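Working notes, beginning with the structure itself.
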Amino acid sequence: MPKAKGAPQRAVVTLTLAKSLAGRHKKHIATAHSLGLRRIGDTTTQPFTPTTAGKVAQIGYLLKREVSNQ
């Protein structure tokens with residue numbers, strides 16, 4: 001179904017795991033896994049919602065991120 005004119009564009013964030021999860025806090029590892037990031041170099045695209053923003057804030061030191069509008 002095509003998008004309606006004037007519909008707000010959703011922000012999308014592309015996340016790449018840049019640092020290893022070895023030796024990190026268990027909660028940080030679980031957060032990375034919840035985003036689909038398991039190994040260095042894994043990339044995922046997520047809608048930029050408050051939930052995703054909170055996860056990125058928690059493990060941002062492990063990630064490379066790129067925000068774009070879709």
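Values as computed for the structure displayed
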read-out	value
VAL67 being of a type in the set (A, V, I, L, M) and loosely packed, with under 14 Cβ neighbours inside 10 Å	yes
Residues within the range 36-56 that are of a type in the set (A, V, I, L, M) and in contact with a helix residue (DSSP H, G or I) (Cβ under 6 Å, 6 or more places away or on another chain), tallied	0
Residues (in contact (Cβ under 8 Å) with a residue 24 or more places away in the chain, exposed (fewer than 12 other Cβ atoms within 10 Å of the Cβ) and either charged (D, E, K, R) or part of a strand (DSSP E or B) (or both)) located in the range 34-56	PRO47
Scope the range 52-70; condition hydroxyl-bearing (Ser, Thr, Tyr) and closer than 12 Å to VAL13 by Cα; matching residues	THR52, SER68
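Conditions (1) assigned to a loop (DSSP other than H, G, I, E, B); (2) in contact with a helix residue (DSSP H, G or I) (Cβ under 8 Å, 6 or more places away or on another chain); (3) without any contact (Cβ under 8 Å) to a residue 60 or more places away in the chain, marked per residue:
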| position | (1), (2), (3) |
| --- | --- |
| THR16 | no, no, yes |
| LEU21 | yes, yes, yes |
| ARG24 | yes, yes, yes |
| ALA32 | no, yes, yes |
| GLN58 | no, yes, yes |
| LYS64 | no, no, yes |
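Read-outs: derived from the displayed coordinates by stated rules, not from any lab. Since the model is a prediction, treat every value here as computed from it, not as a measurement. Please note: Cβ atoms are built from the backbone with ideal geometry, for glycine as well, and neighbour counts cover all protein chains shown.
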